[in-house]
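To keep things clear, I will list the structure first and then write my remarks on it.
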Amino acid sequence: MRASFRLGKVAGVPVGVNWSVLVIFALLVWGLAGNQFPRVYPDRPGWAYVLAGIAAAVVFFLGLLAHEISHAIVAKRNGIEVDSITLWLFGGVAQLRGEARTPGAELRIAGIGPLVSLVIGLAFGAVAGLIALSGDERGLLFGSLAWLAGINLVLAVFNVLPAAPLDGGRLLRAALWKWRGDRAWAAIASARAGRVLGAVLIGIGLWQFFTGATVGALWLALIGWFLIGAAVAEERQAQVGVALHGVRVDEVMTPNPQTVTPDVNVGDFVDHYLWAYRHTALPLVVDGRPTGLVTLDRVRRVPADERAGTTLGEVSCRGEELVLARPEEPLLEVLPRLSAGTDGRALVVAADGQLVGIVSPSDISRAVQRSALNDRMSGR
Ligand SMILES: [Zn+2]
């Protein structure tokens, strides 16, 4: 999830907001100031409802941030780098670089978030309770505090539902991992639970909507749909992890790929090389060392009348964008770099700097299929 606005850094982690948060913000303010507050606390001036609604929504998002920041801080304490924290349509995301190494670390990182939401909810509930006990008239301040207490408690409870990608899914994964000692199996099980929960939410949402409930029911269905998508992606990732465990880069790479020098112009390439070329990406090399990678997509984007005056080097992906790997490196360590890279391919470079192979998405899917076949034949 990309941040549209940067808010700053907390504990060294960049915190941002995606524009989609504005949708939720508007819905919350509209629901509180336009509906709930006037109904429960009538006869106040209009601006008072709007002010209370905006204040409650802002504090709600601060609580959401506190939840995500707590994940980030505990992740860092457990040796995992955190790239960013972003608030978006469905809440917050703390983007961790890497995975917990033990079930205990997983449990702590996932558990702290709902715990923080619970504490926030209880704190607002306590203050609202004090106001109620003091005998003052129950006004908009009480209403806002009570709403904040309720929504933070709902957040805590919803997040511990045992289904990935929710925090509860991570807790379930940690528990199953501890129990069976098999992290991948635990990840697949909790992702499947996520699919089930997503389907249940869609079912409840649609049922409520068609039996006359509000738009909130459709919102529930939308969250369910999002959960299913995320759970399916996690399950696939876990299965790839199982299939590629222990596989080295040089076992899956296409060795000694065809190459070309960066000074060849795009026109010559299209006229003379393309017909003989079987792949969709071509490494550029000088003296056997890779300097760039050009994909057919990049070549296609050069207008026909500019081809003669453009070299392959100019349209290639190079420098920082280029994903490099060592032949002996575990493939699973290269995958995150590949998915972050622009062209989805890694150039394999030996210790002496010479290009020895290329890893493409089709090499990886072939390796996954081969591993599935091996498992079936050995009866695992
Ligand atoms: Zn969380």
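Quick note: the coordinates plus some simple rules give every number you see, no bench work behind them. Quantities reported herein were computed from a predicted structural model and do not represent experimental measurements. Every residue, glycine as well, gets a Cβ built from its backbone with ideal geometry; the counts of neighbours run over all protein chains shown.
If r is the Cβ-Cβ distance from VAL119 to PHE90 and R0 is 25 Å, what FRET efficiency results, to the nearest 0.05? All intermediate terms of the calculation are to be shown ahead of the outcome.
Details: r = 22 Å, r/R0 = 0.88.
With R0 = 25 Å, the Cβ-Cβ based efficiency is 0.70.
Suppose R0 equals 30 Å; then what is the FRET efficiency for ARG301 and ARG97 from their Cβ-Cβ distance, rounded to the nearest 0.05?
Values: r = 31 Å, r/R0 = 1.04.
Once rounded, the FRET efficiency stands at 0.45.
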Sequence order, the range 351-363: Karplus ³J(HN,Hα) from phi using 6.51 cos²θ - 1.76 cosθ + 1.60, θ = phi - 60°, Hz rounded, Gly and Pro as x, gives 4, 7, x, 7, 6, 10, x, 9, 10, 10, x, 6, 4
For the peptides 153-161, 134-142, 330-338, what is the packing order when you average, over each peptide's residues, the other Cβ atoms within 10 Å and list the highest mean first? 153-161, 330-338, 134-142
From the residues PRO290, ASN374, LEU335, which one has its Cα farthest along the dipole of the range 249-377 in the positive direction, the dipole being from +1 and -1 charges on Cβ of Lys/Arg and Asp/Glu about the Cα centre? ASN374
In the range 249-377, taking the dipole from +1 charges on Lys and Arg beta carbons and -1 charges on Asp and Glu beta carbons about the Cα centre, the listed residue (TYR277, THR261, CYS317) farthest towards the positive end is TYR277
Taking neighbour Cβ counts within 10 Å as the exposure measure, how do TYR277, TYR49 sort from fewest upward? TYR277, TYR49
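As an exercise, use a Förster radius of 41 Å and the Cβ-Cβ distance of VAL50 and TRP185 to find the FRET efficiency, rounded to the nearest 0.05.
Once rounded, the FRET efficiency stands at 0.20.
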Using only alpha carbons, build the gyration tensor for the range 249-377 and give me the equivalent ellipsoid semi-axes, biggest first, whole Å. 28, 16, 13
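Arrange the following residues from fewest to most other Cβ atoms within 10 Å of their Cβ: LEU107, LEU322, LEU347. Please list the in-between numbers first.
Details: LEU107 18, LEU322 21, LEU347 25.
By the 10 Å Cβ count, ascending, the order reads LEU107, LEU322, LEU347.
For each of SER360, SER365, count neighbouring Cβ atoms within 10 Å of the residue's Cβ, then give the residues from fewest to most. Mind dumping the intermediate values first?
On the way: SER360 20, SER365 13.
Arranged by neighbour count, lowest to highest, SER360, SER365 become SER365, SER360.
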Between the DSSP loop rule and a limit of at most 11 other Cβ atoms within 10 Å, which trypsin sites (Lys or Arg not before Pro) in the range 245-336 are left? ARG278, ARG301
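Please sort by residue number the GluC sites (Glu not before Pro) in the range 62-132 whose DSSP state is loop and whose Cβ has at most 16 other Cβ atoms within 10 Å. Let's see the in-between values first.
Numbers: sites: GLU68, GLU81, GLU99, GLU106; in loops: GLU99.
Sparse-neighbourhood loop GluC sites (Glu not before Pro): GLU99.
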Looking at the calculated P(r) for the chain, what percent of the C-alpha pair distances fall above 42 Å? 30
In terms of the Cα gyration tensor, with a ≥ b ≥ c the square roots of its eigenvalues, is the range 181-321 rounded because a/c is under 1.5, prolate because a/b exceeds b/c, or oblate? oblate
Dipole of the chain, Cα-centred, from +1 at each Lys and Arg C-beta and -1 at each Asp and Glu C-beta, to the nearest 20 debye? 1060
Would you mind checking which residues have amide H under 5 Å from SER20's amide H? H placed 1.01 Å from N; only 5 or more apart, or other chain. LEU89
Have a look at TRP179, ALA193, LEU155 and report the one farthest towards the positive end of the charge dipole of the range 152-200, computed about the Cα centre with Cβ charges (Lys/Arg +1, Asp/Glu -1). TRP179
State, to one decimal in nm, how far the label point of TYR277 lies from the label point of ARG39, with both points 7 Å from Cα in the Cβ direction. 6.3
